[in-house]
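Worksheet for the structure shown next.
The values are calculated or read from the model by the stated rules, or taken from the named source; none is laboratory data. Fair warning: this is a prediction, and the values are worked out from it, not measured in the lab. Because the Cβ atoms are built from the backbone with ideal geometry, glycine has one as well, and the counts that use them run over all protein chains shown.
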Amino acid sequence: GAVVSQHPSRVICKSGTSVKIECRSLDFQATTMFWYRQFPKQSLMLMATSNEGSKATYEQGVEKDKFLINHASLTLSTLTVTSAHPEDSSFYICSARQGAAGENTQYFGPGTRLTVL
Amino acid sequence: AQSVTQLGSHVSVSEGALVLLRCNYSSSVPPYLFWYVQYPNQGLQLLLKYTSAATLVKGINGFEAEFKKSETSFHLTKPSAHMSDAAEYFCAVSEGSGYSTLTFGKGTMLLVSP
């Protein structure tokens with residue numbers, strides 16, 4: 001149980017284009033999903049918290065107009081990198097929280113490697 | 001505010017040796033603590049978690065961790081390392097009650113030699 005998928009696993013795009021990444025909880029409903037960014041050989045940096053049916057909460061320094069998050073259902077959240085530039089190249093990982101407030105456990109997707117040329 | 005410190009960015013052990021990865025946390029409220037493992041170009045897999053029940057927590061793949069409040073520690077151990085244990089390990093903390101975000105340590109790369 002508690003499986004999270006991401007699609008695509010790898011994407012290469014040209015500078016100026018937009019890229020959408022999907023995050024799905026396959027066997028549970030997740031009212032809250034999270035988007036992280038990870039640079040090579042570094043830890044995960046939380047970008048935003050995505051709540052089903054409401055606007056995402058962005059961490060300080062993350063441009064909400066550049067990284068659009070939509071959480072339209074209890075099993076799907078999407079991250080769209082708009083007008084991507086080479087500095088947006090990174091490993092993007094989503095997670096979905098399972099359980100009640102007392103559990104607070106996040107399960108992670110396999111990640112998406114974005115390369116912007 | 002909460003934070004996590006993982007001592008040692010790299011830990012090297014021989015196959016069959018004890019694995020000890022250190023994690024110290026700081027939290028203003030009773031914490032929940034987690035260990036995740038990440039293999040190259042993959043997401044994070046939950047190894048184990050402490051959520052205010054038993055202080056000695058057993059996880060997958062033979063790993064375990066002990067929550068020590070007096071030392072604010074949650075070190076990860078495995079009695080005998082296997083080659084397949086070579087990966088990046090992340091300790092994370094969240095506030096125990098209610099919903100909160102995870103704060104990750106910088107990670108420790110475990111290297112296992114034959």
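Every residue, every condition in (1) within 13 Å of chain B (Cβ to nearest Cβ); (2) modelled with pLDDT under 95; (3) farther than 22 Å from B:F104 by Cα; (4) more than 10 Å from the chain's Cα centre (by Cα), yes or no:
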| residue | (1), (2), (3), (4) |
| --- | --- |
| A:Q42 | yes, yes, no, yes |
| A:M45 | yes, yes, no, yes |
| A:S50 | yes, yes, no, no |
| A:F67 | no, no, no, no |
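Rundown of residues vs (1) surrounded by 19 or more Cβ atoms within 10 Å (Cβ to Cβ); (2) away from chain A (no Cβ under 13 Å); (3) among the charged types (D, E, K, R); (4) assigned to a strand (DSSP E or B), yes/no style:
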residue	(1), (2), (3), (4)
B:T5	no, no, no, yes
B:S12	no, yes, no, yes
B:Y25	yes, yes, no, yes
B:V37	yes, no, no, yes
B:K49	yes, no, yes, yes
B:S52	no, no, no, no
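Under 15 Å from the mean Cα position of the chain (by Cα), surrounded by 19 or more Cβ atoms within 10 Å (Cβ to Cβ) and closer than 30 Å to A:L114 by Cα: does that describe B:Q45? Criteria not met by B:Q45.
If I ask for residues that are surrounded by fewer than 19 Cβ atoms within 10 Å (Cβ to Cβ) and either at pLDDT 95 or above or not polar (S, T, N, Q) (or both), which ones from region A:92-108 would you list? Quick ask: steps written out before the conclusion?
If we filter region A:92-108 for residues that are surrounded by fewer than 19 Cβ atoms within 10 Å (Cβ to Cβ), which is where we start, we get A:99-103, A:105.
The answer is A:G99, A:A100, A:A101, A:G102, A:E103.
Just one of the listed residues (B:F90, B:F74) is within 8 Å of chain A (Cβ to nearest Cβ) and assigned to a strand (DSSP E or B), and it is B:F90. Screening A:L76 on (1) of a type in the set (A, V, I, L, M); (2) in contact with a His (Cβ under 8 Å, 6 or more places away or on another chain); (3) within 20 Å of A:V3 (Cα to Cα) shows it passes everything except condition (2). Of the strands (runs of 3 or more DSSP E) contained entirely in region A:1-63, those carrying at least 3 residues that are touching a Phe, Trp or Tyr at 6+ places or on another chain (Cβ under 8 Å) fall at A:19-25, A:32-38, A:44-51.
A count restricted to region B:5-50 and to residues that are aliphatic (A, V, I, L, M), modelled with pLDDT of 95 or more and farther than 14 Å from B:G62 by Cβ stands at 1.
Can you confirm whether B:K58 is more than 26 Å from A:Y36 (Cα to Cα), free of Cβ contacts under 8 Å to residues at least 40 places away in the same chain and not polar (S, T, N, Q)? Spelling it out, B:K58 is indeed more than 26 Å from A:Y36 (Cα to Cα), free of Cβ contacts under 8 Å to residues at least 40 places away in the same chain and not polar (S, T, N, Q). Quick check: anything in region A:81-92 under 14 Å from the mean Cα position of the chain (by Cα), assigned to a loop (DSSP other than H, G, I, E, B) and of a type in the set (A, V, I, L, M)? No, every residue in region A:81-92 fails to be under 14 Å from the mean Cα position of the chain (by Cα), assigned to a loop (DSSP other than H, G, I, E, B) and of a type in the set (A, V, I, L, M).
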